[in-house]
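Colleague: After the structure tokens below, expect a handful of questions from me.
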Amino acid sequence: MIQCEINLLTYIVDNPYHVNSGVNTMTDLLSVKQLKTSFATREGEVQSVRGVSFTLKEGEVVGLVGESGSGKSVTARSLIRLIQSPGRITDGQILFRGEDLLTKSDNELRKIRGNRISMIFQDPMTSLNPVVRVGKQMTEVIRRHRKMDKSAARKEAIELLRQVGIPSPEERIDQYPHEFSGGMRQRVMIAMALSCKPELLIADEPTTALDVTIQAQILQLMQELKDSTQTSILMITHDLGVVAQVCTRVIVMYGGLIMEEGPVERIFAHPQHPYTQGLLRSIPKHGEEGGRQRLATIEGTPPNLLHPPTGCPFMERCTHAMEVCKQMPKYTETAPGHRALCWLLDDQGREQQQVQTGASSEEVEK
């Protein structure tokens, strides 16, 4: 298989905020098993998530990546049952500390959602009420989940704003969302998400639409907060640079399925799935001779999940596609904690590629 040598690999090693995952002996906080979520349309069911399974451990930061339509955001919202009609979760289990969230009543789930599990959404302006002062919005959340009186909740809100780096929080707490910059609004959302001291924080594209400087500050802030609170984080993003900066493990989704999963260092250095390899090749490389270079792209379009393929969803865009790819492959573990869904890793697939290309078995395995 192709080994993608990219500048971000060096960044992972040198970055002081990146934690080496090593051997993972932490306890499972979240265990997702064969999750399926679909949306009813006039044409039929769009199968957005088609049997996703993964775990997230205590104190771990996991990146869930993929291009638009891969199913990553639907997966994230499914975890806390924020799928609205015509969407529905059709199958699977979502075990949070061993308890299946899909069997909980609405009242039981409300005690978990926003309290033990919090979520940061992509656009803070759509999450914050523009006509209500930031302080009032924060104190309402704190009082609802932590049973504080108004005075204590206000003090807690001010302290949270201070912790996320908002200057003069005693004054800014009484301002409206439009009086904050985009980066500061995102800091407010992080403060609100952390106000109930959650065990799991789901961050859905938290740095999208922010400039590079503010993005770096937000990511550094989230890493520092994770280190100080031991909150587990599931980071939903299309940006592998974000994954390199803050995550210890990465899950790559495409066509509603997990294509590859493993430690960040391993996947960046030894990507096993052609889709992952394509994503890594598309990352801008800085400091190369010759100045700017045209970015690599993955030709083609994602599969139609109204009529999803019965085989590998990446087959139509894959330069290694074979006849056997019309069948769904099985996951192959290529190293401890590193698995990929690809026929190239299976004996049957390697034999077929060898016949198809005339390559030797050693060349096929590279």
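Colleague: Of the residues Ser151, Ser78, only one is surrounded by 18 or more Cβ atoms within 10 Å (Cβ to Cβ) and over 21 Å from Met222 (Cβ atoms); which?
Modeller: Of Ser151, Ser78, the one residue that is surrounded by 18 or more Cβ atoms within 10 Å (Cβ to Cβ) and over 21 Å from Met222 (Cβ atoms) is Ser78.
Colleague: Another question about this same structure. If you go through region 85-104, how many residues are surrounded by 14 or more Cβ atoms within 10 Å (Cβ to Cβ) and in a loop (DSSP other than H, G, I, E, B)?
Modeller: 2
Colleague: For the subset of region 185-204 comprising residues that are of a type in the set (A, V, I, L, M, F, W, C) and out of contact with any helix residue (DSSP H, G or I) (no Cβ under 8 Å at 6 or more places or on another chain), which member is surrounded by the fewest Cβ atoms within 10 Å (Cβ to Cβ)?
Modeller: Restricting to residues being of a type in the set (A, V, I, L, M, F, W, C) and out of contact with any helix residue (DSSP H, G or I) (no Cβ under 8 Å at 6 or more places or on another chain), the top hit is Leu200.
Colleague: Something else about it: Listed residues Gly183, Gly135; which is outside the structural domain of Val32 (by TED's automatic domain parsing) and under 24 Å from Leu234 (Cβ atoms)? Spell out how you get there, then give the answer.
Modeller: Working: Gly135 fails: under 24 Å from Leu234 (Cβ atoms).
Testing whether each residue is outside the structural domain of Val32 (by TED's automatic domain parsing) and under 24 Å from Leu234 (Cβ atoms) leaves just Gly183.
Colleague: Can you name the condition, by its number, that Ile142 falls short on among (1) without any contact (Cβ under 8 Å) to a residue 24 or more places away in the chain; (2) β-branched (Val, Ile, Thr); (3) in contact with an Asp or Glu (Cβ under 8 Å, 6 or more places away or on another chain)?
Modeller: (1) is the only condition that Ile142 fails.
Colleague: Something else about it: Condition first: crowded, with 20+ Cβ neighbours inside 10 Å and over 15 Å from Arg185 (Cα atoms). Now tell me which residues in region 205-217 satisfy that.
Modeller: Residues satisfying the conditions do not exist here.
Colleague: If you don't mind, there's one more thing I want to ask. Could you check region 26-70 and list, in sequence order, the residues that are under 17 Å from the mean Cα position of the chain (by Cα) and among the hydrophobic types (A, V, I, L, M, F, W, C)?
Modeller: Leu29, Leu30, Val32, Leu35, Val49, Val52, Phe54, Leu56, Val61, Val62, Leu64, Val65
Colleague: If I filter region 49-70 down to residues being of a type in the set (Gly, Ala, Ser) and within 20 Å of Thr229 (Cβ to Cβ), which single residue comes out as surrounded by the fewest Cβ atoms within 10 Å (Cβ to Cβ)?
Modeller: Gly59
Colleague: Residues that are surrounded by fewer than 24 Cβ atoms within 10 Å (Cβ to Cβ), part of a strand (DSSP E or B), out of contact with any helix residue (DSSP H, G or I) (no Cβ under 9 Å at 6 or more places or on another chain) and at pLDDT 90 or above: does region 223-237 have at least one?
Modeller: So far as region 223-237 goes, no, none of its residues is surrounded by fewer than 24 Cβ atoms within 10 Å (Cβ to Cβ), part of a strand (DSSP E or B), out of contact with any helix residue (DSSP H, G or I) (no Cβ under 9 Å at 6 or more places or on another chain) and at pLDDT 90 or above.
Colleague: Restricted to region 320-341, and to residues that are in contact (Cβ under 8 Å) with a residue 24 or more places away in the chain and in contact with a Ser or Thr (Cβ under 7 Å, 6 or more places away or on another chain), which residue is surrounded by the fewest Cβ atoms within 10 Å (Cβ to Cβ)?
Modeller: Arg339
Colleague: Would you check if Ala76 is at pLDDT 95 or above, outside any loop (DSSP other than H, G, I, E, B) and touching a Pro at 6+ places or on another chain (Cβ under 8 Å)? Explain how you work it out, then say what you get.
Modeller: Values: at pLDDT 95 or above: yes; outside any loop (DSSP other than H, G, I, E, B): yes; touching a Pro at 6+ places or on another chain (Cβ under 8 Å): no.
So Ala76 fails the test.
Colleague: Moving on. Restricting attention to region 124-166, which residues are in contact with a Lys or Arg (Cβ under 9 Å, 6 or more places away or on another chain), part of a loop (DSSP other than H, G, I, E, B) and at pLDDT below 90?
Modeller: Those that are in contact with a Lys or Arg (Cβ under 9 Å, 6 or more places away or on another chain), part of a loop (DSSP other than H, G, I, E, B) and at pLDDT below 90: Val164, Gly165.
The values are calculated or read from the model by the stated rules, or taken from the named source; none is laboratory data. All figures in this text were calculated on a predicted structure; none of them were measured in a lab. We place every Cβ from the backbone using ideal geometry, glycine too, and count neighbours over all the protein chains shown.
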